[in-house]
1. How long is the gain from Asp6 to Asp228 if the chain were fully straight, where each residue apart is worth 0.36 nm and the alpha carbon distance is subtracted?
2. Tell me the per residue accessible area of segment 269-349 using a 1.4 Å probe; a whole number in Å² is fine.
3. Do the alpha carbons of any pairs in Lys335/Lys423; Lys253/Lys427; Lys41/Lys107; Lys5/Lys107; Lys189/Lys335; Lys253/Lys391 sit beyond 31 Å of each other, and which pairs?
4. Segment 411-440 to segment 102-123: how many Å between their Cα centroids?
5. How much of Thr421 can a 1.4 Å solvent probe reach, expressed as accessible area in Å² and rounded to 10?
6. In whole Hz, with x marking every Gly and Pro, tabulate ³J(HN,Hα) for segment 311-316 from phi via Karplus 6.51 cos²θ - 1.76 cosθ + 1.60, θ = phi - 60°.
7. Is the shape of segment 8-442 best called rounded, prolate or oblate, per the rule: a/c under 1.5 gives rounded, else a/b larger than b/c gives prolate, else oblate, with a ≥ b ≥ c the square roots of the Cα gyration tensor eigenvalues?
8. Using per-residue counts of other Cβ atoms within 10 Å, averaged over each peptide, order 241-254, 293-306 from highest down.
Amino acid sequence: MAFPKDFLWGGATASYQIEGAAQEDGRGECVWHRFSHTPGKVENGDTGDVACDHYHRYREDVALMQQLGLNAYRFSISWPRVIPQGTGSTNPAGLDFYDRLVDALLKANIRPVVTLNHWDFPQALMGSGGWTNPDSVQWFADYADVMSRHLGDRVTYWITHNEPWVVAFVGYWMGRHAPGGNSLPGGLKAAHHMLLGHGAAVPVIRQNVRNAQAGITLDLHRYEPASDKEADIQAAIREEGVHHRWFLDPVFKGCYPADIVELMGENLDGIDLEAIKTAAVPIDFLGVNYYMRFLIADNPGFPPMHNRLVYNDDAEHTAMGWEIYPQGLILNLQKFNENYDLPDIYITENGAAFDDAPPQNDVVEDPRRVAYLEAHLNEVESAIEQGLPIKGYFVWSLLDNFEWSYGYGKRFGIIRVDYDTLKRTVKRSALYYKDRIAQASSG
Ligand code: FCB
């Protein structure tokens, strides 16, 4: 039996995607509130105003986790719920919500794993440029201080950022996410400051939390060349460089990868590249979000990356159009293990959206999600057998939720949410996960 006894079996969510209560109890506005209320930004005009109403229904959700046998839950704190203006005074009602959630989890023997930045950045700080402002490093460290002081007596596991690549490149450059920017130099600045913020926040967390386990979560999908042509091979190296090495090298080596620095050229003007050495603080774990494979081809017409994605007609895809490629998880981890001195690894997200059928007899039959989870859990198991230090797995997601610019149309949950009644119904995949956890824990 590969899974160790103390393996963390969890579900993952994020504040803006599930909480709702967007304007309740003194919560400040976040960038996703502003973005989703801007016409044309999110499919169907969906917003996180109500979402899964987890803010009011967290007790029911904790009870569901307990029924499934989860021993860990990864959730995020809404920064403007606890510090409405992003800096300065805190909101007691907001802090109180996370107190109650953490207490309910501990009572159910479920370990809380907190993410500080899962994208719902305070809108009030956008007037000063958000993550493009060098002061954002200190804003984030101060917020980490508030939260780790407040919850540090009960929460051991802390994740600084979730997928900073997505915030920086999709949010500040391509504009498909909040805050809807359109500047590559802006995106690179945002990434830089998030990485420095990580470096500043980890020591603060350690100071406030006894036996802290602190880390960062990155989106680490599989990138492979679309053909064996040299130009495509080089294109895949560039693409992987921007997604993987641009973040892993700072975190583990304190420098940026030279080939990507060269590629980005003058887009990096104004960034003190040397300063990145402060991002390389010792961490206890790397959080890995893994969903899919991308095939990459050379595209001279798209500077500075000169790349394009190629859709793999021969493969199976999820409702997101994401190629299902379980073996990529292990291939990535083996590669990281060769290039970095890896700490513990948690798979902080893995899962799939499918067009589920409505419930029948109080269960949703979702065979494709069951197959997806089974295939990926098998990969995790063999990775552990090979000696890779994977200490936990978190399915994305516990609940169907607000899938960012796709709105509620894409369902990732192992528990269905009916958005008219907010009723929760388990899916077959949740019952499969429950069995797998029980099997691993009894072995
Ligand atoms: C990841 C995000 C998470 C969710 C999944 C499907 O990129 O971290 O919030 O949207 O994708």
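1. Roughly 75.7 nm would be gained on extension.
2. The answer is 45 Å² per residue.
3. With Cα atoms farther than 31 Å apart: Lys335/Lys423; Lys253/Lys427; Lys41/Lys107.
4. Each part's Cα centre sits 20 Å from the other's.
5. Counting only protein heavy atoms, Thr421 exposes about 80 Å² to solvent.
6. For segment 311-316, the Karplus curve yields 6, 8, 5, 7, 9, 8 Hz.
7. Rounded shape, in that the Cα axes give a/c under 1.5.
8. Answer by packing, highest mean first, reads 241-254, 293-306.
The values are calculated or read from the model by the stated rules, or taken from the named source; none is laboratory data. Keep in mind that this is a model prediction, so the values were computed, not measured. Cβ sites come from the backbone with ideal geometry, for glycine too, and all protein chains shown count toward neighbours. With ligands, DNA and RNA removed, areas are computed over all heavy atoms of the protein, side chains included. Shrake-Rupley method; radii C 1.70, N 1.55, O 1.52, S 1.80 Å.
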